[in-house]
Amino acid sequence: MRLTSLLAAVAFVAVALPSLSAGDEPGKGKGKGAETFAKLDADKDGRITKAEWDAGKAMRKNAEEDRFDSDKDGDLSKAEKEARRTAHQAEFKAKHPEAFAKADTNGDGSLSKEEAKAVHEARKNDDKPDMFTRLDADKDGTVTREEWQSRKDHGKGHGKDDQPKP
């Protein structure tokens with residue numbers, strides 16, 4: 001299950017970060033950033049609550065599971081899980097080559113269950129706050145359009161699109 005949790009976290013990052021990095025004015029105008037803000041802001045009050053954020057994560061997780069459920073039976077078979085693991089590793093390796101290389105302790109170009117578990121444990125024990133908490137600059141329990149827009153500034157140097165690090 002921990003490997004599944006790690007891979008789900010990697011999938012969330014792979015799916016969420018590209019949409020976090022694009023857009024002009026959040027919730028307004030064009031761009032994926034604006035679209036994502038609008039989708040997460042379910043009650044359209046111009047703020048994303050933790051509940052709205054968590055609901056968005058759940059929807060993305062379900063969409064991610066559906067992506068690999070090739071027979072559409074609602075369950076992932078062993079082969080479907082392996083396809084998901086392989087795809088997630090490829091995405092992780094492509095987007096975070098240094099972190100992948102560090103995690104790949106035996107240097108074989110893929111992460112074993114033990115290596116993936118070690119990454120998950122390190123991440124779980126990390127003191128760094130989650131993305132929602134980092135985006136909530138004034139710590140009022142919501143992410144405003146302004147805080148959403150400033151996300152690029154928080155992530156300087158963490159990727160080609162200057163997106164926040166997960």
Anything in segment 70-126 that is polar (S, T, N, Q) and either touching a strand residue (DSSP E or B) at 6+ places or on another chain (Cβ under 9 Å) or in a helix (DSSP H, G or I) (or both)? List them, or say none. THR86, GLN89
So which pairs qualify, if the first residue must be in segment 105-121 and over 15 Å from ALA90 (Cα atoms), the second must be at pLDDT below 90 and charged (D, E, K, R), the Cβ gap must be under 7 Å, and the two must be at least 6 apart or on different chains? LYS117/ARG2; HIS120/ARG2
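How many residues are part of a helix (DSSP H, G or I) and at pLDDT below 85 if we restrict to segment 149-159? Explain how you work it out, then say what you get.
Taking segment 149-159 first, the residues part of a helix (DSSP H, G or I) are 149, 151-154.
Retained after the next criterion (residues that are at pLDDT below 85): 151-154.
Of the residues in that region, 4 qualify.
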Residue check: is ASP140 assigned to a loop (DSSP other than H, G, I, E, B) and at pLDDT 90 or above? yes
Collect the residues in segment 20-57 that are at pLDDT below 85, under 30 Å from ALA122 (Cα atoms) and surrounded by fewer than 20 Cβ atoms within 10 Å (Cβ to Cβ), keeping them in residue-number order. ALA22
GLU146 versus (1) at pLDDT 90 or above; (2) loosely packed, with under 12 Cβ neighbours inside 10 Å: which is the lone unmet condition? (2)
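Report, by residue number, each residue of segment 127-137 that is assigned to a helix (DSSP H, G or I), of a type in the set (A, V, I, L, M, F, W, C) and at pLDDT 90 or above.
Restricting attention to segment 127-137, the residues satisfying the condition of being assigned to a helix (DSSP H, G or I) are 131-135.
Narrowing further to those that are of a type in the set (A, V, I, L, M, F, W, C): 131-132, 135.
Correct list: PHE132, LEU135.
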Could you tell me which numbered condition SER110 fails, if it satisfies all but one of (1) modelled with pLDDT of 95 or more; (2) hydroxyl-bearing (Ser, Thr, Tyr); (3) over 30 Å from ALA34 (Cβ atoms)? (1)
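The values are calculated or read from the model by the stated rules, or taken from the named source; none is laboratory data. Because the structure is predicted, anything quoted here is derived from the model rather than measured. Note that we place each Cβ from the backbone using ideal geometry, even for glycine, and neighbour counts take in every protein chain shown.
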